[in-house]
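The values are calculated or read from the model by the stated rules, or taken from the named source; none is laboratory data. The model shown is predicted, which means the values in this text are computed figures rather than measured ones. Neighbour counts are summed over all protein chains in view; Cβ atoms, including those assigned to glycine, are modelled from backbone coordinates with ideal geometry. The protein model used for the area step is the full one, side chains on, heavy atoms only, and it has no ligands, DNA or RNA in it. Shrake-Rupley method; radii C 1.70, N 1.55, O 1.52, S 1.80 Å.
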Amino acid sequence: QVQLVESGGGLVQPGGSLRLSCRASGSILSINAMNWYRQAPGKERELVAGILSQGSTNYADSVKGRFTISRDNAQNTVYLQMNSLKPEDTAVYYCNAPRVVVTSRATVAVWGRGTPVTVSS
């Protein structure tokens, strides 16, 4: 019914920047929260940043001041601008919408398949 598709990952040198995108598609009525998570090899998945439909944001302490989350509600798209990247930012980054209201009035939680980010010289 609903899909999240991420893009924008890749290989970048320390200190560099990347911009991730995640677009939701399907039988969507509304999406409130949209989040970015990441999972590094051998570690648990962690919340990186989140944004509500009205624009309120929250960030993990490890990315504050370096990452910026934003969204285009009309396009059901969320972005993650990542600056001053560090090797410890290396992970697979996942898009998440924990509560999507679909046209049947049901609610579903959706995850994307992830996009890999590697920060290395």
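Work the Kirkwood hydrodynamic radius out for the stretch 79-121: mean of 1/r over every pair of different alpha-carbon atoms, inverted, in Å.
One decimal place: 12.6 Å for the Kirkwood radius.
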Within the set Leu29, Leu47, Leu80, GNM on the chain using Cα springs under 10 Å gives the largest fluctuation to Leu29
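Could you compute the FRET efficiency for Asp61 and Ala109, with r as their C-beta to C-beta distance and R0 at 22 Å, rounded to 0.05? Let's see the in-between values first.
Working: r = 25 Å, r/R0 = 1.14.
E between Asp61 and Ala109, to the nearest 0.05, is 0.30.
Evaluate the chain: find the radius of gyration of its Cα atoms, find its Kirkwood radius, and give the ratio Rg to Rh. Display every interim value, and only then the final one.
On the way: Rg = 14.1 Å, Rh = 14.4 Å.
Result: Rg/Rh = 0.98.
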Under DSSP loop assignment and at most 16 Cβ neighbours within 10 Å, longest trypsin sites (Lys or Arg not before Pro)-free interval of the chain: 1-42
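Leaving out ligands and nucleic acids, note down the accessible area per residue over the chain with a 1.4 angstrom probe, in whole Å².
On the way: 6400 Å² over 121 residues.
Result: 53 Å² of accessible area for each residue.
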